[in-house]
Amino acid sequence: MSSYKSFAIVGAGAVGLPIIGALAAQNVRVILLSRPESTSKVVPSGVQVAKVDYSNASAVAEVFKQHNVDVVLSTITTMAVTAQRSLVDAAKLGSIKLFVPSEFGMPTEGHKEGILGEKDRFAESLKAAGIPYVRFYTGMFAENLARLIGYSTHGKITIVGKGEVPLSITSIGDIAGFVAHVLTTLSPSELENHVFRLEGDRKSLNELGLLFKTTVEHVDQIAGERGGVQTHIMKLIDTGAASTGWDQVNKAEGLGTNAAGSANAFWQGHQWKTLKDVHNL
Ligand SMILES: NC(=O)c1ccc[n+]([C@@H]2O[C@H](COP(=O)([O-])OP(=O)(O)OC[C@H]3O[C@@H](n4cnc5c(N)ncnc54)[C@H](OP(=O)(O)O)[C@@H]3O)[C@@H](O)[C@H]2O)c1
Ligand SMILES: *[C@@H]1O[C@H](CO)[C@@H](O)[C@H](O)[C@H]1NC(C)=O
């Protein structure tokens, strides 16, 4: 049984709001921290919203203390993930017991460049500050995959790279449910400084043609506004990095408790959604 009773979610969007919903369904206290300039979010009754400037560590720590917060979950968006840096000081000042950094994607340990490098450096800063952390690797969100491969825009699948390497795919609902489940049932020693590798489904990009019943084309890069990001993600997928078992340091799949989907076992009896389920294929 977990000893954590009060949870703070920082930044409620695609991942944060479902996590709030899943935690609020448990017998725990949940608050949402949101920026003063942010639009209001719809949260379950009983969940309080505190508007606070994330960069002001003492103001954030004050909110943590007011609500006796034990666990902080940062779900700040990819492009502003550096905004979570100031939460380390806030967590320290607020005597936070466990910190969930904004990961929710590919394994980040050993990455140096870009967003993945930034996420790993953030986890290192939690270690350096002596704040217990727990990282959730999920692979790609099942809900976002159709857009990544162009299917939702033009009905065909457009892949950068060979498309042969399998990646982990997990639905946002399962991620939120899993996070709430383990944070409210596992003991601190089972959570502190652990990495959880989830996997709802596992497919190569090439296999998606059959699944979505459409043609697959291979290109060198994707054009358009979001093309650069899509190209970058698919190149990463081609290296193997989007499997939740991927070990970027040794450039290999992990085994045993480091294997892709090894964390699924912590949610006994749960039926994980596949790509087929999520996209009604
Ligand atoms: N694996 C995948 O396929 C996948 C896909 C998407 C995201 N992710 C990861 O999941 C995590 C959460 O992403 P998300 O898609 O849920 O994010 P999101 O919905 O785009 O945004 C989450 C929250 O971030 C806060 N935020 C936005 N801009 C900010 C800024 N400039 N400074 C500070 N806070 C800001 C906002 O909170 P307030 O407005 O309430 O302050 C927003 O609601 C990220 O680590 C992301 O990389 C993974
Ligand atoms: C930070 O928050 C504290 C406490 O709420 C406040 O007194 C202080 O003025 C804020 N600092 C800045 C730079 O906004």
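The values are calculated or read from the model by the stated rules, or taken from the named source; none is laboratory data. It should be emphasised that the depicted structure is a prediction, and the values quoted were computed from it without experimental measurement. With ideal geometry, Cβ positions are generated from the backbone for all residues, glycine too; neighbour counts draw on all protein chains shown. When the accessible area is computed, the model is the full protein with side chains, heavy atoms only, and any ligands, DNA or RNA have been set aside. Shrake-Rupley method; radii C 1.70, N 1.55, O 1.52, S 1.80 Å.
Does anyone have the angle between helix 114-128 and the longest principal axis of the chain? Alpha-carbon axes, 0 to 90°, nearest 10?
With rounding to tens, the tilt is 30 degrees.
Would you please classify the overall shape of the range 10-71 from the alpha carbon gyration tensor, given that a ≥ b ≥ c denote the square roots of the eigenvalues, rounded means a/c under 1.5, and beyond that prolate means a/b larger than b/c while oblate covers the rest?
oblate
Filter the cross-link list K112/K156; K112/K213; K5/K127; K5/K203; K5/K92; K51/K92 down to pairs whose alpha-carbon distance in this structure exceeds 26 Å. Intermediate values should be presented prior to the final figure.
Details: K112/K156 33 Å; K112/K213 37 Å; K5/K127 23 Å; K5/K203 37 Å; K5/K92 18 Å; K51/K92 20 Å.
Correct reply: K112/K156; K112/K213; K5/K203.
Where the accessible area of the chain is counted over protein heavy atoms with a 1.4 Å probe, how much of it, in %, is carbon and sulfur?
Of all accessible area on the chain, carbon and sulfur atoms account for 52 percent.
Mind running the shape call on the range 129-202? Use the C-alpha gyration tensor, a ≥ b ≥ c as the square roots of the eigenvalues: rounded below 1.5 for a/c, prolate if a/b tops b/c, oblate otherwise.
It is prolate, given that a/c is not under 1.5 and a/b is the larger ratio.
Working from Cα positions, state the angle (0 to 90°, nearest 10) between the long axis of helix 227-239 and the longest principal axis of the chain.
80
Can you send over the solvent-accessible area of K5, 1.4 Å probe, protein chains only, in Å² to the nearest 10?
Counting only protein heavy atoms, the figure is 110 Å².
Rank these residues by their accessible area, most exposed first, probe 1.4 Å: D220, D277, D238, D174.
These residues rank, largest area first, as D220, D277, D238, D174.
Short version: ³J(HN,Hα) in whole Hz for each residue of the range 82-99, in order, from phi by Karplus 6.51 cos²θ - 1.76 cosθ + 1.60 (θ = phi - 60°), x for Gly and Pro, what are they?
Values per residue, Gly and Pro as x: 5, 5, 7, 4, 5, 6, 5, 5, 4, 5, 5, 4, x, 6, 5, 8, 8, 10 Hz.
Where only protein heavy atoms count, and the probe is 1.4 Å, what is the accessible area per residue for the chain in Å²?
45
At a probe radius of 1.4 Å, what is the per-residue accessible area of M79, in Å² to the nearest 10?
M79 has an accessible surface of roughly 140 Å² with all protein chains in place.
If each of T239 and V42 carries a label point 7 Å out from its Cα toward its Cβ, how far apart are those two points in nm?
4.0
Taking the mean number of other Cβ atoms within 10 Å as a proxy for protection, how do you rank 192-202, 127-137 from highest to lowest? Provide the component values of the computation, followed by the final result.
Working: 192-202: 20.9, 127-137: 18.1.
Ranking, from highest mean packing down: 192-202, 127-137.
What is the packing order of peptides 162-170, 114-122, taking the mean over residues of other C-beta atoms within 10 Å and listing the highest first?
162-170, 114-122
Whole-Å semi-axes of the chain's equivalent ellipsoid, largest first, each the root of 5 times a Cα gyration tensor eigenvalue?
For the chain, the semi-axes come out at 32, 19, 19 Å.
How would you classify the range 203-281 from its alpha-carbon gyration tensor, with a ≥ b ≥ c the square roots of the eigenvalues: rounded for a/c under 1.5, else prolate if a/b is greater than b/c, otherwise oblate?
Details: a/c = 2.43, a/b = 1.30, b/c = 1.87.
Taking the square roots of the gyration eigenvalues as a ≥ b ≥ c, the range 203-281 is oblate.
Which angle from 0 to 90°, rounded to the nearest 10, does the C-alpha axis of helix 172-185 make with the longest principal axis of the chain?
40
Applying a 10 Å radius around every beta-carbon, put 64-73, 34-43 in order of their mean neighbour count, most first.
Peptide ranking by packing, descending: 64-73, 34-43.
What accessible surface, in Å², does a 1.4 Å probe find on L145, ignoring ligands, DNA and RNA and rounding to the nearest 10?
Spelled out: L145, probe radius 1.4 Å, area about 0 Å².
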